[in-house]
Amino acid sequence: MKLARIGVTAWTEIKPRGPYATVSRHYADSVVRAGGLPLLLPVLADLSLVPSLLDGLDGLLLTGGTDVNPGLYGQERHPAVAAVDPDRDRWERALVLGARDRGMPVLGICRGAQLINVALGGTLVQDLATQRPGTLDHVRDGQPMDSLAHPVRLVPGPSRLGRALGRESASSPVLTVNSFHHQAVDVLAPGLVATAWAPDGVVEAFEAPGDAFLVGVQFHPEALTADHPEFTALFRALVGSAQS
Ligand code: MN
């Protein structure tokens with residue numbers, strides 16, 4: 001069988017020698033572990049290239065990184081929002097909308113999930129610590145990426161997330177995840193439903209019900225696939241959907 005081609009979004013890092021397209025190897029390694037073929041996508045300025053680029057892909061993986069520009073969901077920037085990358089925002093937004101138009105499977109991780117929600121019309125909590133005082137420490141500054149941080153409760157009943165992780169049941173299955181985010185989904189975009197929450201109510205996963213695979217997770221499964229194989233199943237779900 002032909003391997004599913006999964007586009008993995010990179011971002012732009014300015015180095016002394018010029019701009020570099022950068023992304024953690026964890027994403028590509030996780031796609032390979034799931035039986036897919038990762039293809040790295042640099043941020044491009046020319047959005048007219050999106051359709052041709054998507055023609056060459058079977059699925060899309062939106063990676064983590066810097067905060068989404070709050071202007072995209074009609075808010076002033078909170079002081080805790082550090083550098084934003086408007087070029088990356090508009091590029092990835094165009095990728096998401098293009099992929100959604102053609103029913104291409106999409107998985108968003110951390111910023112990638114937040115970006116999907118914003119692209120489809122939702123909003124974000126810009127800074128959990130100040131805007132949702134009393135929530136857990138979701139930032140976990142300085143902790144290793146594969147360190148498990150807090151439980152998440154999955155929605156009872158059928159969901160793509162539950163099916164992918166083999167945790168689908170009538171009760172609310174619990175999963176322990178890592179956590180490296182100071183933002184989270186606030187208002188979900190039309191057409192999306194939450195499928196997992198931290199004990200403090202923070203949305204940790206969402207998806208679009210229906211035929212097209214569109215899943216966002218706030219945790220970082222890509223950093224867990226090496227030592228916690230159950231998380232590879234999430235990438236297998238993306239690759240499997242991309243193959244069919
Ligand atoms: Mn978290």
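The values are calculated or read from the model by the stated rules, or taken from the named source; none is laboratory data. Keep in mind that this is a model prediction, so the values were computed, not measured. As a convention, Cβ positions derive from the backbone with ideal geometry for all residues, glycine included, and neighbour counts pool all protein chains shown. These area figures cover heavy atoms from the full protein model, side chains too; ligands, DNA and RNA do not enter into them. Shrake-Rupley method; radii C 1.70, N 1.55, O 1.52, S 1.80 Å.
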(request) Please list, in chain and number order, the residues 5+ apart from residue 150 or on another chain whose amide H is under 5 Å from its amide H, with Hs placed from the backbone. (result) 177
(request) For residue 85, enumerate residues with amide H under 5 Å from its amide H, sequence gap 5+ or separate chain, H modeled in the peptide plane. (result) 69
(request) With unit charges on the beta carbon (Lys/Arg positive, Asp/Glu negative), name the residue among 114, 10, 59 whose Cα is farthest towards the positive pole of the charge dipole of region 1-156. (result) 59
(request) Quick one: P(r) of region 202-244 from all Cα-Cα pairs, 10 Å bins, percents rounded to integers, in order of increasing distance. (result) 26, 51, 22, 1
(request) Quickly work out the residue 139-to-residue 53 label distance, labels modelled 7 Å from Cα along the C-beta direction, and quote it in nm with one decimal. (result) 3.1 nm
(request) Would you kindly derive the ³J(HN,Hα) couplings of region 24-35 from the backbone phi angles with the Karplus curve 6.51 cos²θ - 1.76 cosθ + 1.60 (θ = phi - 60°), listing them in order in whole Hz, with x for Gly and Pro? (result) 4, 5, 3, 5, 5, 4, 5, 5, 5, 4, 8, x
(request) Taking only protein heavy atoms into account and a 1.4 Å probe, give the accessible area per residue of the chain in Å². (result) 43 Å²
(message) Per residue of region 54-66, what does 6.51 cos²θ - 1.76 cosθ + 1.60 with θ = phi - 60° give for ³J(HN,Hα)? Whole Hz please, x for Gly and Pro, Karplus curve as stated.
(response) 5, 4, x, 10, 10, x, 9, 10, 9, 8, x, x, 6
(message) Using a Förster radius of 22 Å, what is the FRET efficiency between residue 132 and residue 194 based on their Cβ-Cβ separation? Nearest 0.05, please.
(response) 0.90
(message) Cut-off 13 Å, label point 7 angstrom out along Cα-to-Cβ of residue 14: give me the residues of region 58-92 whose amide nitrogen falls inside.
(response) 83-87
(message) With a 1.4 Å probe and all protein chains left in place, how much of the accessible area of the chain comes from carbon and sulfur atoms, in whole percent?
(response) 54 percent
(message) In whole Hz and in residue order, list the ³J(HN,Hα) couplings for region 164-171 that follow from phi through the Karplus curve 6.51 cos²θ - 1.76 cosθ + 1.60, θ = phi - 60°; x for Gly and Pro.
(response) 4, 8, x, 10, 6, 6, 6, 7
(message) Less than 20 Å from a label point 7 Å out along the Cα-to-Cβ axis of residue 212: which backbone N atoms in region 46-63 qualify, by residue?
(response) 47-63
(message) If you take every residue apart from residue 37 with its C-beta less than 10 Å away from the C-beta of residue 37, what net charge results, scoring Lys and Arg +1 and Asp and Glu -1?
(response) +1
(message) Quick query: amide H of residue 184 versus all other amide H atoms, modeled in the peptide plane; which residues come in under 5 Å with a sequence gap of 5 or more or a different chain?
(response) 125
(request) Label the chain by shape, choosing from rounded, prolate and oblate, from the square roots a ≥ b ≥ c of the eigenvalues of the Cα gyration tensor; if a/c is under 1.5 it is rounded, and otherwise prolate applies when a/b is larger than b/c, oblate when it is not. (result) rounded
(request) Calculate, in nm to one decimal, what residue 87 and residue 227 gain on full extension: separation in residues at 0.36 nm each, minus their alpha carbon distance. (result) 47.0 nm
(request) Run the dipole for the chain about the Cα centre, Lys and Arg Cβ at +1, Asp and Glu Cβ at -1, nothing else charged, and hand back the magnitude in debye, nearest 20. (result) 420 debye
